[in-house]
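Participant: One structure follows; several queries about it will come next.
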Amino acid sequence: MTAPANSPYAPGDLVVGMVRRPDPVPCVSCAAGEWDACRNGRYTSCGITGRDGYGAQLWCAAPEFTVPVDPGIAARGVLAEPVSVLAKAWERISAMRPREHPHCVLVTGAGPLGLLAALLAAQRGYRTFLYTRTWTTRRTSLADRLGVTPLERLDGVEPDVVLETTGAPHVLAGALDLIARNAVVCLLGLTAGAEGPSPALASAMRRLVPYNGVLFGTVNAARRHYADAVQALARADRDWLDDLITRQVPLDRWHEALERRPDDLKVVVTLETPAEDAPHSGPAQDRAEKAPT
Ligand SMILES: [Zn+2]
C-alpha cells in the first residue's frame, strides 16, 4: 500500500473502503457527511452505481472514503461494510425506543447479513432468535456459538425488534404477525422479483430499503402530544376547523352520527340536553360548570 504524505495512514495500515460517495450538489445529508441518507439520489456507489468497483484496476481510495481497521482483524475487515449497515440499524432502533431495551430480537434469514445481525444483537446482550428454513450444520454451529436460539418456523416468539434480512415478503409478513407492542421492524434485505403472496408488501420493501424508509405503527398519544395538539388547533383558522365539523348530532339521535351522508367529514355527537328539558343537575351541567377551571 502507498499512502499520500498528508493522509492519516502509513504503508501497512489496514483500511476498509466505504461503498458510497456523496452527490456533487451536495444535498444537506451529503454536506454533513451522511451520504448514506442522500436526499437527491445522485450519489454514486463503488461497483454498484456510476462508479467502478474497488477491484476494477488497483485498489485505490481517497483517505476520506476509508476507515482504519485494527491489524488483528486483518482480512475479516471485509465484513465491516455489512456490519456498518447493522450498526446504523441499531442506532435508528435505539432512537425509536430510547427507554426500552429489547426483550426479544428476531432476525429473519441466516445468510451473512442475518448471522451478522444475530452477532450484533448477541453482543448487546439481547435474547435473540434466528429464523431460517434451511439450517445447515455450519449455520447451526454459528448460531450456537453466539448463544442465539435457532427457529425453523416463525412461531412461538414475540419480538420487540425484528431485523429482516431475507427480502422475502412472506417472511416479513410472518414476522409482522408476531411482533410485541412498541416493536420496531427493520428491513435490511432486498430480493429482486420476490412478489410472493403480497405484491403490495414486496413493492413497499423495494422502496423502503434503498430509501432508508421507516415502517412503523402508532396508537394513542402522551400528554405532551395532547398539549402539542391543543397548540396546533389554537394556531389554526377557526372557520377552517368549523368547516371540518360537518354535522352535530344530539345524544338521543346518536345513530344518525353513524349514517354516511355525502358531505360528511367529522360528525360530532353533542352531550348537551335541549334547554326545555335540561335537568337542574347532571353530567352536561356539571361539565359546563367545570369548564372554566
Ligand atoms: Zn446527497
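Participant: In this structure, does GLU100 turn out to be out of contact with any Lys or Arg (no Cβ under 9 Å at 6 or more places or on another chain), farther than 25 Å from THR218 by Cβ and not small (Gly, Ala, Ser)?
Facilitator: No; evaluated as a whole, the condition is false for this residue.
Participant: Is it fair to say THR66 is in contact (Cβ under 8 Å) with a residue 12 or more places away in the chain, away from the ligand (no atom under 16 Å from the Cβ), of a type in the set (Ser, Thr, Tyr) and farther than 30 Å from ALA175 by Cα?
Facilitator: When the stated conditions are applied, THR66 passes them.
Participant: Out of the residues in the stretch 4-29 that are without any contact (Cβ under 8 Å) to a residue 12 or more places away in the chain, hydrophobic (A, V, I, L, M, F, W, C) and more than 16 Å from the ligand (Cβ to nearest atom), state the one that is farthest from LYS88 (Cα to Cα).
Facilitator: ALA5
Participant: So which residues in the stretch 95-143 are hydroxyl-bearing (Ser, Thr, Tyr) and either loosely packed, with under 15 Cβ neighbours inside 10 Å or on the phi > 0 side of the Ramachandran plot (or both)?
Facilitator: THR134, THR136, THR137, THR140, SER141
Participant: Give the stretch 218-250 a look and list any residue that's among the charged types (D, E, K, R) and either farther than 22 Å from ASP264 by Cβ or in a loop (DSSP other than H, G, I, E, B) (or both), or say none.
Facilitator: ARG223, ARG224, ASP228, ARG235, ASP237
Table: residues versus (1) surrounded by 15 or more Cβ atoms within 10 Å (Cβ to Cβ); (2) among the polar types (S, T, N, Q); (3) within 23 Å of THR136 (Cβ to Cβ).
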position	(1), (2), (3)
GLY156	no, no, yes
LEU188	yes, no, yes
MET205	yes, no, no
LEU208	yes, no, no
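Participant: Same structure, new question: Name every residue in the stretch 30-56 that is among the hydroxyl-bearing types (Ser, Thr, Tyr) and near the ligand (Cβ under 8 Å from one of its atoms), in order of residue number.
Facilitator: The one that is among the hydroxyl-bearing types (Ser, Thr, Tyr) and near the ligand (Cβ under 8 Å from one of its atoms): TYR43.
Participant: Considering (1) among the aromatic types (Phe, Trp, Tyr); (2) under 30 Å from ILE179 (Cβ atoms); (3) without any contact (Cβ under 8 Å) to a residue 24 or more places away in the chain, say which one TRP90 fails and leave the rest.
Facilitator: The single condition TRP90 does not satisfy is (3).
Participant: Filtering the stretch 253-286 down to residues that are at pLDDT 60 or above and small (Gly, Ala, Ser), which residue is nearest to the chain's Cα centre (by Cα)?
Facilitator: This residue is ALA257.
Participant: Are any of the residues in the stretch 135-151 among the aromatic types (Phe, Trp, Tyr), modelled with pLDDT of 85 or more and under 15 Å from GLY109 (Cα atoms)?
Facilitator: Within the stretch 135-151 (the criterion being among the aromatic types (Phe, Trp, Tyr), modelled with pLDDT of 85 or more and under 15 Å from GLY109 (Cα atoms)), the answer is yes, since at least one residue qualifies.
The values are calculated or read from the model by the stated rules, or taken from the named source; none is laboratory data. These numbers come from a predicted model, not from an experiment. Reconstructed Cβ throughout: ideal geometry from the backbone, glycine too, with neighbour counts over all protein chains shown.
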